[in-house]
Structure formats: C-alpha cells, structure tokens
Amino acid sequence: MGAVESTEGEREPLLVPSQPATNTQPVFSRVYMRRWVVLTMFSLLGFMQGLVWNTWGPIQISAKHVFGFSSTDIAVLVMWGPVGYLPWLLFMWLMDKKGLRASLLLSAFFMVLGAALRSVPLKDLHYRRWMIHGGQLLNGLAGPTIMSAGPLLSTTWFAPDQRATATAVASLISYLGSACAFLIGPLAVPAPNGTVGSTIYWNQNHIGDRIQFVLYAEVGMIAALFVAVLLYFPSRPPIPPSVAAASQRLSYRNSICRLLSNMRFLMIALAYSVPTGVVAGWAGVLDMILTPVKVSQVDAGWIGFWSIVGGCVFGVAMARFADYIRGMLKLILVLMFAGASLAATWFTLTCLTRLTHLPSTKATLYTSCILVGIFINSSVPIFLELFIETVYPVPEGITCGVVTFLSNLFTGLMLFCLTFYFTELSWLNWCLTGSCIFSLLLLLFFRESYDRLYLDVFVSV
C-alpha cells in the first residue's frame, strides 16, 4: 500500500493550507500487523495504571478499618495521581526526543516500583501508610505518558481511517482500569459490616489479608507487563502509515510556544480539562458521595463501574464513527456535553432529594450516574483528535501532554479542596454540573479546523 512516484508539478497542492507548509513530499506508506501488539501492550499498561490509581476509593470503608486511614487520607491517595503529573514536561521531552519506547519503559518502571512499595506487609501501620502513599505517587508518575501518548501511538502506527479508533482504545483503557477497581475492590475486599452468605466479616485480619491479596496480584501483573515492554516495544514502524506520520514536526520549544499563544487551542483545552478533571476526582470518591444517600460500598462500586465502562464502549463506538465521517468532531462533542449537562443536573438534584423531592432510588442514581460517565468519558478520544487537528504540526505527545496536565491540575485542585471540606459533599456534584455547562458553552463558540486531515486527504493525493 504505497504512493506512486509523481512529477514535481503533480506534487504541488491545489489548495494552500492555513498552517505553514511542512514536509509534504510523497512517501511510501504501510501498516503492519504488529501495530495491534503495540496497542495491546500500551493499553494493558494503561489499564493497570488506572486500576492502581483507583484502588482505595471503592474500598475506603475497609481501608479505614484495617490501616486507620481517615477520609482525608483517602482523598490524598486519589490526589497522588494528579500530583504525579507535575513533571510532565520531562516526560514530554523524553517522548519527543527519545521516542515512545523510552518514555513508556520509565513509566512502567515507576509502576512496578510503586506497586511493590504498596504491597510490603509492614506491621507498623504508620510506616505502612507512608509506603502506600509513596506507591500511589510513583504510580501517578506514569500518568503523563499513559494518558498523553495515545494519539502519538495512533499517528505513528495506524492509517488515517483507523486513527481515531486507536486513540480511543489507547486513551480510554486507563478509565476501564479505574472502572474495574470499582468492581474488583468491593468484591474481593469485604466491608467491615458486610455479609456473604451466613458469614459476617468483622475480622480485621481477614479484611487485611484480602487487601494484601489484591495488592500482590496487581504487582505481579505490572511486573509481567514491564518485562514484555522491555523485550519488545518499538517506538515506530520501519515505514510510516501515512503522510502525516512521516511529516516534519515543530521542535519541543517551538511547540510549547505555539500552544501557549494559540487562543483557539487554549479555549478547547479548557473545554476538555475542566469537566474531565472534575469527573476524575468525583469518580475517585464516588463511594463517599453516595454514602449519605444510603448507597452501600458494593452498590457504589457497581455504579462507578458501569458509568466508566459505558463511557469506554460509547467512546470507542463514536471514535469509529468519526473515522468514517470525518470533519464532524465539534458536532459530536457538542451533543455529548449537552447530554452530560442534563445528566449531571439530574444526578445532583436526585442526591438533594430532601430539598427537590425527586425520587432517589437505586434506578435513578444508576441511570443518571452512568449517563454522566458515558457522555464525559467518551468525549476524551474525540477531544484528543480535535487537539491534534487544531494545532498540527505540533507533535501529538506534547499537545496531549499539555491538556492532560491541565485536566490533572483541576482534579488535584478539587481533591485538595476535599481535604478541607469533606463533611458535606454535595458541592462536588455542583462542580460536576457547572463544569459540563462551562465546556458546552466553550464548544459552541469554538471554530474548528482540520489541518492534519487536509495533509492526509489532499496532499497525499
């Protein structure tokens, strides 16, 4: 599958792009079957990073009982994910200069080390808590690569008609990992007042053993993935899959300057980072939010699980649709956030049933919360593709590094506030609703452009 040699005149584009010309000489393109292996390995690492990040929120009652954690401790454990994103510039530089392999290996090493620290069975609870906090921070340091490199991987390995789908899989799989934490945690670790059959789990040692089993299983799986990446994970294929993948990009410094001076990019970056940052922190403490409305730890886990899984499935489906119908990214996002605003408002008012007198049943809480997850989480790959189109030829890793840093910044700010205001949590629901409406307004005024699509569709011809 390659381009045919043409004359110099035939290589002149009929339309002049709005961005400065890049290296648009025709290149031979080819896609390799090994791209699915690369995507699978990257996705599995993202899955485990999300799983480890969301370990403690779904089992916060059991963790408090065994380790003596407070509500503030649980919020801080979730906050280590955004904090780990602070050295994001270093990871973006490494990805830009040394390739995806070097950056991913370093991230996987941090994940192994962090998971190992959490699983050390110290008897002294004071030092054990410090080890768990340190492990969560190290896992957070893997976030800049795991959350930002999806569009880079899809552009480097996949053809234009598969890029959005590959971006969706690579970027949403970490969300799926955090969703499975809602499922695995409550099912594997009994609550202090929980029952299974005729057995009541009040034994602190038994609950501690179950938590330890989960931690050991996670460190084993992460270690196996680290070895797999060490043995085989190429940064790029021998022949690029498209013209855009082979074209020259801006330097690291010029890319940062271009992004910070582009008002259209900053506008859409806020539309992405505010709601995704808020919903990440909100989901991390969902059990605490639902406890006042008489929702158990297990039910809260199922609600969180299906809200994120629904977003992942719908996100991949919408990305596949975007691959077929190109140039419709803004419209898709506007529809998504219109739905997210309505669903978040419904959930917020349902939780305030004493004031609104709306029916607060398991069905309404499930439905509204799942719809919030579907609309917001499924927007992530569509946003990432729109970023790349808007600021091309800025490298994908740097662009997505900036926006995911902003998203984690808003997550960290919200969780930092939670450490002070944790007795009454309805304000978190209002933050979620306000963030969705804010994003919808920015999207309505955003002027879209498709510079990379122009290069692949027109210049390659």
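The values are calculated or read from the model by the stated rules, or taken from the named source; none is laboratory data. Just so we're clear, the structure is a prediction, and the values are computed from it rather than from any experiment. Cβ sites come from the backbone with ideal geometry, for glycine too, and all protein chains shown count toward neighbours. Keep in mind that these areas ignore ligands, DNA and RNA; they rest on the heavy atoms of the full protein, side chains included. Shrake-Rupley method; radii C 1.70, N 1.55, O 1.52, S 1.80 Å.
A few remarks follow.
- Number of positions in region 270-306 that are touching a residue at least 60 places away in the same chain (Cβ under 8 Å), in a loop (DSSP other than H, G, I, E, B) and not hydroxyl-bearing (Ser, Thr, Tyr): 2
Yes/no per residue for (1) open to solvent by less than 10 Å² (accessible area, probe 1.4 Å); (2) modelled with pLDDT of 85 or more; (3) among the hydroxyl-bearing types (Ser, Thr, Tyr):
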{"residue": "383", "(1), (2), (3)": "yes, yes, no"}
{"residue": "386", "(1), (2), (3)": "yes, yes, no"}
{"residue": "393", "(1), (2), (3)": "yes, no, no"}
{"residue": "404", "(1), (2), (3)": "yes, yes, yes"}
{"residue": "419", "(1), (2), (3)": "no, no, yes"}
{"residue": "427", "(1), (2), (3)": "no, no, no"}
{"residue": "432", "(1), (2), (3)": "yes, yes, no"}
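- Test: residue 108 is farther than 21 Å from residue 403 by Cβ, aliphatic (A, V, I, L, M), surrounded by fewer than 20 Cβ atoms within 10 Å (Cβ to Cβ) and in contact (Cβ under 8 Å) with a residue 40 or more places away in the chain: no
- Single match in 155, 72, 145 (criterion: in a helix (DSSP H, G or I), of a type in the set (S, T, N, Q) and more than 25 Å from residue 250 (Cα to Cα)): 72
- Residue count for region 259-269, restricted to those that are buried (at least 21 other Cβ atoms within 10 Å of the Cβ) and outside any helix (DSSP H, G or I): 0
- Residues of region 122-157 satisfying the condition of being without any contact (Cβ under 8 Å) to a residue 40 or more places away in the chain and among the aliphatic types (A, V, I, L, M): 122, 131
- Some residue of region 338-357 being at pLDDT 90 or above and in contact with a Pro (Cβ under 8 Å, 6 or more places away or on another chain): yes
- Evaluating residue 256 against the criteria (1) open to solvent by less than 70 Å² (accessible area, probe 1.4 Å); (2) touching a residue at least 24 places away in the same chain (Cβ under 8 Å); (3) under 29 Å from residue 373 (Cα atoms); (4) hydrophobic (A, V, I, L, M, F, W, C) leaves one unmet condition, (3).
- Of all residues making up region 211-253, the number that are in contact (Cβ under 8 Å) with a residue 24 or more places away in the chain, out of contact with any Gly (no Cβ under 8 Å at 6 or more places or on another chain) and farther than 30 Å from residue 453 by Cα: 16
- Flag for residue 135 being under 14 Å from residue 84 (Cβ atoms) and touching a Lys or Arg at 6+ places or on another chain (Cβ under 6 Å): yes
- Checked against (1) aromatic (Phe, Trp, Tyr); (2) over 25 Å from the mean Cα position of the chain (by Cα); (3) at pLDDT below 80, residue 213 passes all but condition (3).
- Checking residue 157 against (1) farther than 15 Å from residue 283 by Cβ; (2) open to solvent by 20 Å² or more (accessible area, probe 1.4 Å), the condition it does not meet: (2)
- If you go through region 136-162 and pick out every residue that is of a type outside the set (Val, Ile, Thr) and touching an Asp or Glu at 6+ places or on another chain (Cβ under 7 Å), you end up with 5.
- Number of the exception - residue 178 against (1) out of contact with any Leu (no Cβ under 7 Å at 6 or more places or on another chain); (2) surrounded by 19 or more Cβ atoms within 10 Å (Cβ to Cβ): (1)
- Those residues of region 434-461 which are open to solvent by less than 80 Å² (accessible area, probe 1.4 Å) and at pLDDT 80 or above, in sequence order: 434, 435, 436, 437, 439, 440, 442, 443, 446, 448, 449
- Among residues of region 36-64 that are under 17 Å from residue 152 (Cβ atoms) and open to solvent by 10 Å² or more (accessible area, probe 1.4 Å), those with a beta-carbon under 7 Å from a residue that is outside any helix (DSSP H, G or I) and not small (Gly, Ala, Ser) at least six positions away or on a different chain give the pairs 41/233.
- Filter pass, residue 84 being small (Gly, Ala, Ser) and either open to solvent by 10 Å² or more (accessible area, probe 1.4 Å) or at pLDDT 90 or above (or both): no
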